[in-house]
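Heads up: the structure comes next, in structure tokens.
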Amino acid sequence: MQSTPRLQQNDSIRKIAASEKQRIIDSVKRVHLEEELRVLIKKEDLQNKNAQNQLEAIKTMEIKNLAAKKARIDSLRPFTRGYPVVGVKQDTLFFIYSRIGASTAQDRARNVSSKIETLYQDYFFKKDSFSVVPSQYTYDIVYGKTIIMSISEDDALWHGTTAMALAEHLEKIIETSILSLKEERMISKILMRVALALLAIGAIWLVIWLLGKVHRWSLKRIETKKEIWLKNLNYKDYTFLSAEQELQVIFSILKLVRWFVLIFVLYLALPIVFSIFPISQHWADVLFHLIWSPIKTIFISIWHYLPNIFRILVIYLVIKYVVKVIRYVFREIENEKLQISGFHSDWAVPTFSIIKFLLYAFMFVLIFPLLPGSHSDIFKGVSVFIGILFSLGSSTAIANMVAGLVITYMRPFRIGDRIKIADVVGDVVEKSLLITRIRTTKNEIITIPNSSVLSGNTVNYSSEANGKGLILHTTVTIGYDVPWKDIHQALIDAALLTETILPEPQPFVLQTSLDDYYVAYQINAHTREASKQGHIYSQLHQNIQNVCNERGIEILSPHYRAQRDGNETTIPKDYRAKDYKSPSFNVNLEKDE
């Protein structure tokens, strides 16, 4: 639809060019016919009546051609654009619609405007140097020896007059345009305009001064009445804005309003000042255009973008309510109201987060083509640049996120569990996609990247504590001279005396090694308090000491240097023979003869 007027305009230009060509051909033919007619009259002495008839026929043909050309031009008026000839005041003097030879109407208008500007810059300008000179096919407007412009028959038809009359009319317009501006710039008028400009500037300064005075009075008035007018903005126990903050907000708003009014006053005043001097009269239009054009462009762009805004809004609302439905389902799973076989309740929150991220990513993919400028090369280049930065700078973060997802579905621990990662032992206080935070028994918060958690071994002390119970164990070493049954019973009794040790399953003892000088006894006992291991071990050790002391068992690791001749055996008494006696110690001395 938009290209149809352009095509019609191009057709009109071609038709005008063809008509110009035909007119020249007709004119040439007419000249030849007239010449031939004169020759015939001279040579053959034709009768005056026949020659007159032929001349009238030629004139009739010219009138018909002129009428046809005028009708064709009238039909092209709605589709043909005229190009303005601009005067020295930057005002439009007249329009040019037709071409001459290789020069288009736009080229002609530009050249004439340039020549008028050159004439105005001539300090020795004389209006008497203007003249209209007829040529073979046109009438030329001439200043001295310079042709300002040529008027063709087509130009005259576009303006509804003859070529000669149009040339004289346009010559007067050009002359008046130059002379009027030169007269306006006379000294007296310049002084008057300067006075008007100073008066306008004084008025502007007065308005700005009054504006500042009103602004200061408003600030002072609000400052004195703030105790009455301003109160804390509270909701229950939370204060959104205190009275002092409200005062600062009001001051900021008043300052913004002041600057807005100041800019508006200057915007209205500057065109008035510019309009006083002819040389700056067009500056007002330029200033208005500089400010209004972007605003107009913004409103037009918003108007044309409204359909896309509604599409984006619909997509957002659909995704938003889909996310709400999914959130409700996973909340029910988290609260164990809805149970799905093989899907644990602690998977609900991370799974919902993943699905929400995918849905919003899908929404972004749908919305992205609807964003303004999304198809521009700059927008694409910035997107690629950001993607490269993200991929290069976040490899570690992505590794931690992937590890966090794997850990979530592996379920090696939960919030509150007592775990051991590498050399760190403590309770899990935070578990996210990137890191795991542990509080040690010394109240130290240690942050471990999830990639390190996944690549190492994790010991969970709490996972079986509430079920079968966590087995705590400690080792003591006792010499071979103490019967192992006594040690077993003493250790079991000490364990049962410990507060958080479970009586069932019953504690048990393992003899883990028979070393050179002693036996290693390991007491194993169940507890459900995985997070109190330090306190339990301390109390268990105290009880072992107490029980052993009560039963005469020395907790030591004896080291022997035995000479079997005369030394008592280390086998416990219960295992010795009833008539066993410690052998005497014999020393044999030999003398040399």
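The values are calculated or read from the model by the stated rules, or taken from the named source; none is laboratory data. What you see is a predicted model; the values in this text were computed from it and never measured. In this analysis, Cβ positions are derived from the backbone assuming ideal geometry, glycine residues included, and neighbour counts consider all displayed protein chains. Just so you know, the surface numbers come from the protein's heavy atoms only, side chains and all, with ligands and any DNA or RNA stripped out. Shrake-Rupley method; radii C 1.70, N 1.55, O 1.52, S 1.80 Å.
What to note about this one:
- Output for region 436-457, where each listed residue is among the β-branched types (Val, Ile, Thr) and at pLDDT 90 or above: Thr436, Ile438, Thr440, Ile445, Ile446, Thr447, Ile448
- Filter result for Ala165 (buried (at least 16 other Cβ atoms within 10 Å of the Cβ), of a type in the set (Gly, Ala, Ser), part of a helix (DSSP H, G or I) and without any contact (Cβ under 8 Å) to a residue 12 or more places away in the chain): no
- Of the strands (runs of 3 or more DSSP E) that lie entirely inside region 440-533, those containing 1 or more residues that are closer than 30 Å to Thr408 by Cα, in contact with a strand residue (DSSP E or B) (Cβ under 8 Å, 6 or more places away or on another chain) and in contact (Cβ under 8 Å) with a residue 24 or more places away in the chain span 445-449, 458-460, 470-479, 518-527.
- Failed item in (1) within 24 Å of Phe277 (Cα to Cα); (2) at pLDDT below 90, with His159 passing the rest: (1)
- Yes/no for Arg327 being within 26 Å of Val406 (Cα to Cα), more than 29 Å from the chain's Cα centre (by Cα) and among the charged types (D, E, K, R): no
- Check on Asp128, of a type outside the set (A, V, I, L, M, F, W, C), in a helix (DSSP H, G or I) and closer than 30 Å to Ala68 by Cβ: no
- The listed residue being surrounded by 15 or more Cβ atoms within 10 Å (Cβ to Cβ) and part of a helix (DSSP H, G or I), out of Trp283, Trp303, Trp292: Trp283
- Here Gly342 meets each of (1) surrounded by 10 or more Cβ atoms within 10 Å (Cβ to Cβ); (2) without any contact (Cβ under 8 Å) to a residue 60 or more places away in the chain; (3) among the small types (Gly, Ala, Ser) with one exception, condition (1).
- The lone exception for Phe240 - which of (1) open to solvent by 90 Å² or more (accessible area, probe 1.4 Å); (2) assigned to a helix (DSSP H, G or I) it fails: (2)
- Here region 386-397 is the region considered, the condition is being of a type in the set (Gly, Ala, Ser) and open to solvent by 50 Å² or more (accessible area, probe 1.4 Å), and the residue that is nearest to Asn457 (Cα to Cα) is Ser395.
- Among the residues here, Phe299 does not qualify as more than 29 Å from the chain's Cα centre (by Cα) and aromatic (Phe, Trp, Tyr).
- Matching residues, region 107-125, being within 15 Å of Gln90 (Cα to Cα) and either open to solvent by less than 50 Å² (accessible area, probe 1.4 Å) or part of a loop (DSSP other than H, G, I, E, B) (or both): Ala109, Val112, Ser113, Ile116, Leu119, Tyr120
- Scope region 487-523; condition open to solvent by 60 Å² or more (accessible area, probe 1.4 Å), farther than 16 Å from Tyr537 by Cα and of a type in the set (Asp, Glu); matching residues: Glu504, Asp516
- Hey, Ser395 small (Gly, Ala, Ser) and either touching a Phe, Trp or Tyr at 6+ places or on another chain (Cβ under 7 Å) or at pLDDT 85 or above (or both) or not: no
- Within region 437-468, the set of residues being among the small types (Gly, Ala, Ser) and loosely packed, with under 15 Cβ neighbours inside 10 Å comprises Ser452, Ser455, Gly456, Gly467.
- Residues of region 137-159 include at least one that is open to solvent by less than 70 Å² (accessible area, probe 1.4 Å), in a loop (DSSP other than H, G, I, E, B), touching a residue at least 60 places away in the same chain (Cβ under 8 Å) and not aromatic (Phe, Trp, Tyr).
- For region 398-415, the set of residues classified as touching a strand residue (DSSP E or B) at 6+ places or on another chain (Cβ under 6 Å) and either open to solvent by 70 Å² or more (accessible area, probe 1.4 Å) or modelled with pLDDT of 85 or more (or both) consists of Pro412, Phe413, Ile415, listed by residue number.
- Considering each residue of region 377-385 in turn, none proves to be acidic (Asp, Glu) and either surrounded by 14 or more Cβ atoms within 10 Å (Cβ to Cβ) or more than 16 Å from the chain's Cα centre (by Cα) (or both).
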